[in-house]
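Remarks on the structure that follows.
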Amino acid sequence: MIKEFKFGGQTTYNVTAQQLLDMGFLQPDIDAALKAQDIADVDFNRRLAYRTDSDPLYMEWQYDQTEIKEKEWRAKIAEIKARFPLPEHK
């Protein structure tokens, strides 16, 4: 599902790739929209996870200034990136 598809001054919301093909759009344009949607979804999920999971650990590290707290914070960042990897497109 593509949440927002903009092309030629026209915006379409909540459509599938097949619906766009049926409307006459070209596959490369649909692929680009799908890639952009995937990246936007990962970005949203990462931002939310950073706010809820890693930011509190960062604040603890800033307060304590200990190596252990820094490692916990950096490990959480790596875990979030692994949980929400950037999409691989050809």
Does ASP31 satisfy the condition of being outside any loop (DSSP other than H, G, I, E, B), within 15 Å of MET1 (Cβ to Cβ) and in contact with a His (Cβ under 8 Å, 6 or more places away or on another chain)?
yes
Before we move on, is PHE5 outside any helix (DSSP H, G or I), open to solvent by less than 70 Å² (accessible area, probe 1.4 Å) and at pLDDT below 85?
yes
Given the conditions (1) assigned to a helix (DSSP H, G or I); (2) surrounded by 14 or more Cβ atoms within 10 Å (Cβ to Cβ), report the number of the one that PHE25 does not fulfil.
(1)
What number of residues within segment 57-76 satisfy the criterion of being open to solvent by less than 70 Å² (accessible area, probe 1.4 Å) and either outside any helix (DSSP H, G or I) or not basic (Lys, Arg) (or both)?
7
Are any of the residues in segment 34-50 open to solvent by 60 Å² or more (accessible area, probe 1.4 Å), under 21 Å from MET1 (Cβ atoms) and touching a Ser or Thr at 6+ places or on another chain (Cβ under 9 Å)?
no
Being closer than 20 Å to ILE77 by Cβ and without any contact (Cβ under 8 Å) to a residue 24 or more places away in the chain is the filter here; which residues of segment 20-39 pass it?
none
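The values are calculated or read from the model by the stated rules, or taken from the named source; none is laboratory data. Nothing here was measured: the structure is a model prediction, and the numbers come from that model. Note: ideal-geometry Cβ built from the backbone for every residue, glycine included; neighbour counts use all protein chains shown. Side chains are part of the model used for accessible areas, which takes the heavy atoms of the whole protein and leaves out ligands, DNA and RNA. Shrake-Rupley method; radii C 1.70, N 1.55, O 1.52, S 1.80 Å.
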